[in-house]
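Some notes on the structure that comes next.
The values are calculated or read from the model by the stated rules, or taken from the named source; none is laboratory data. All values reported here derive from a predicted model rather than from experimental measurement. Neighbour counts run over all protein chains shown; Cβ positions are idealised from the backbone, glycine included.
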Amino acid sequence: MNKSTSKYDANFTAGGLLINEFLVLKSILTSENTLEELKNEIEDNNLIAIKTKGARQRIITEITRRYNQVPKSFWGFFYELNLKEQKQALLYLCLKTYPLIFDIHFEVTVKKFKTSGRLIEYDIKMRIDEIASIDKSVADWSDLTLKKLNIQYRKTLKDAGLLKGNELIKSEIYNPIFWNYFKKNGDNWFLTACFIQN
């Protein structure tokens, strides 16, 4: 059986921003042996407090994917932020980790912010349908998976403070240290993602 060559996957449905999980895993994510300790946490459940091993494995797999997207220094920066800033920093990780979420965000959400300022379920469904028309892997996903992705993406925007109801909201973070981190690391696109600059 041929392995899919699609750059898209539906693993984002595992849990949106995962803010609570990232906060309770601070000691692991800032340790010297992070990847080994994350594997141990799947077995031991000392910090994450997710009852079933299968659910823990799924969540920790996605945390590990996101962890691997940034340099170790990111975590020192992250844990110094306030909660609102941490949520937007986790949105940054989601956009870096999941090509489908990055695509939807820039092809739909950023454009909607510049035009109507509103985002509804149908807008995202239309973009996923477009992607499915050229990507067999996405076309094979169940309706339930597509619906979950749509819901989880909009919930993530709400949790990050960029969506209220159907209204898109410019980031309300005014701390220059926060934005300078992304500029300094060549990720100016994240300012656009948060509707800060064009």
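Taking Gly161, is it closer than 18 Å to Phe182 by Cβ, touching a residue at least 24 places away in the same chain (Cβ under 8 Å), outside any helix (DSSP H, G or I) and not assigned by TED's automatic domain parsing to the domain that holds Asn20?
For Gly161, the condition - closer than 18 Å to Phe182 by Cβ, touching a residue at least 24 places away in the same chain (Cβ under 8 Å), outside any helix (DSSP H, G or I) and not assigned by TED's automatic domain parsing to the domain that holds Asn20 - is met.
Select from segment 43-59 the residues that are of a type in the set (S, T, N, Q), assigned to a loop (DSSP other than H, G, I, E, B) and under 15 Å from Leu25 (Cα atoms) and list them in ascending order.
We begin by selecting, within segment 43-59, every residue of a type in the set (S, T, N, Q); these are 45-46, 52, 57.
Keeping just the survivors that are assigned to a loop (DSSP other than H, G, I, E, B) gives 45-46, 52.
Result: Asn45, Asn46.
Give segment 164-188 a look and list any residue that's of a type in the set (A, V, I, L, M, F, W, C) and without any contact (Cβ under 8 Å) to a residue 24 or more places away in the chain, or say none.
Ile177, Trp179
Since Val108 meets every condition but one in (1) touching a helix residue (DSSP H, G or I) at 6+ places or on another chain (Cβ under 9 Å); (2) under 17 Å from Lys155 (Cα atoms); (3) touching a residue at least 40 places away in the same chain (Cβ under 8 Å); (4) not hydroxyl-bearing (Ser, Thr, Tyr), which condition does it not meet?
Of the numbered conditions (1) touching a helix residue (DSSP H, G or I) at 6+ places or on another chain (Cβ under 9 Å); (2) under 17 Å from Lys155 (Cα atoms); (3) touching a residue at least 40 places away in the same chain (Cβ under 8 Å); (4) not hydroxyl-bearing (Ser, Thr, Tyr), the odd one out for Val108 is (3).
What do you reckon, is Thr64 in the same structural domain as Ile42 (by TED's automatic domain parsing) and either assigned to a helix (DSSP H, G or I) or surrounded by 14 or more Cβ atoms within 10 Å (Cβ to Cβ) (or both)?
So Thr64 fits the description; yes.
A quick yes/no check of all residues on (1) at pLDDT 95 or above; (2) of a type in the set (A, V, I, L, M, F, W, C):
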residue: Lys3; (1), (2): no, no
residue: Phe12; (1), (2): no, yes
residue: Gly16; (1), (2): no, no
residue: Ile19; (1), (2): yes, yes
residue: Phe22; (1), (2): yes, yes
residue: Leu35; (1), (2): yes, yes
residue: Ile50; (1), (2): no, yes
residue: Gln57; (1), (2): yes, no
